[in-house]
Amino acid sequence: MTGRRATAREAAAAWESLFRAQVALMRRFTAQDVWGELTVREYDVLFALSGRPDGAARLHELAAESLLTQPSLSRLVERLETRGWVQRSPAPQDGRGVVVTLTDEGAALQREVGRRHVAQIHRLVGGVLDADELATLRDLTDRLRTGQARIP
């Protein structure tokens, strides 16, 4: 932070604005038929795995990136595995944890749906903000997310 410290009211107003923008966008995203046979939450798991170098993450790592509780995420991952889009296996380090790995079929589905979703994002977000504004938004939201670890 380089400027004046925000008041509680200013912080709350900024949060409400961010939250309401996210709600409005999520409603638009979910209303459009880009997801095919996936739900938005299923796509989110496939997307999170696709960003990993080996396409794999421990279940608790996926839970940390999601709004789902670990039991709900476990059930969702079971459905994805039944459909052949992920594979679960015991964690090699301790055997107690579960590693979720994106299958080739799951990766192909994520890319297909992802292309349509990016077009949605480009239209709905890029249609309102210019390139400089998008860069500023990304910087601010990245700082907001990563800064949470420093706040007790």
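The values are calculated or read from the model by the stated rules, or taken from the named source; none is laboratory data. None of the values given here were measured: they were computed from a predicted structure. Neighbour counts are summed over all protein chains in view; Cβ atoms, including those assigned to glycine, are modelled from backbone coordinates with ideal geometry. Heads up: the accessible areas ignore ligands, DNA and RNA and are worked out on the full protein's heavy atoms, side chains in. Shrake-Rupley method; radii C 1.70, N 1.55, O 1.52, S 1.80 Å.
Quickly rank 123-135, 45-57, 91-103 as a protection proxy: mean count of other C-beta atoms within 10 Å, highest first.
Numbers: 123-135: 11.3, 45-57: 16.7, 91-103: 14.3.
The most tightly packed comes first, giving 45-57, 91-103, 123-135.
Spatially, the range 131-150 and the range 34-67 are offset by 21 Å when compared through their Cα centroids. Along the positive direction of the dipole of the range 80-152 (beta-carbon charges: Lys, Arg +1; Asp, Glu -1; about the Cα centre), which of ALA131, GLY106, THR82 reaches farthest? Checking the options against the dipole of the range 80-152, the answer is THR82.
How much of the accessible area of the chain, in percent, comes from carbon and sulfur atoms when a 1.4 Å probe is used?
56
If R0 is taken as 25 Å, the Cβ-Cβ distance between ALA6 and SER66 corresponds to a FRET efficiency of 0.35. Placing a pseudo-label 7 Å from each Cα along the Cα-to-Cβ vector at LEU18 and GLU78 gives an inter-label distance of 3.5 nm. Helical content alone sets the calculated 222 nm signal of the chain at -19500 deg cm²/dmol, taking -39,500 (n - 2.57) per DSSP H segment of four or more residues and averaging over every residue.
The dipole here belongs to the chain: it is taken about the Cα centre, uses +1 on the Cβ of Lys and Arg and -1 on the Cβ of Asp and Glu, and is about 460 debye. Helix 70-82 and the long axis of the chain differ in direction by around 50°, with both axes built from C-alpha atoms. Scanning residues 5 or more positions from VAL98 or on other chains, those with amide H under 5 Å from its amide H are LEU59, HIS60, ALA91, with H placed 1.01 Å from N in the peptide plane.
Quick one: 3J(HN,Hα) in Hz for the range 98-108, Karplus 6.51/-1.76/1.60 with θ = phi - 60°, rounded, Gly and Pro as x. Karplus-based 3J(HN,Hα) across the range 98-108 equals 10, 9, 10, 10, 6, 7, 4, 5, x, 5, 5 Hz.
Taking a ≥ b ≥ c as the square roots of the eigenvalues of the Cα gyration tensor, the range 18-64 is oblate, since a/c reaches 1.5 or more and a/b is not larger than b/c. Taken over the chain, the convex hull of the Cα atoms encloses 160 Å³ per residue. Over the range 8-55, accessible surface divided per residue gives 68 Å², non-protein components excluded, 1.4 Å probe.
Helix 8-31 versus the longest principal axis of the chain: what is the Cα-based angle in degrees, 0 to 90, to the nearest 10? So the inclination is approximately 50 degrees.
Taking 0.36 nm per residue of sequence separation and removing the Cα-Cα distance, the ARG116/VAL128 pair yields an extension gain of 2.5 nm.
For the chain, the longest principal axis of the alpha carbon atoms and the long axis of helix 40-50 meet at an angle near 80°.
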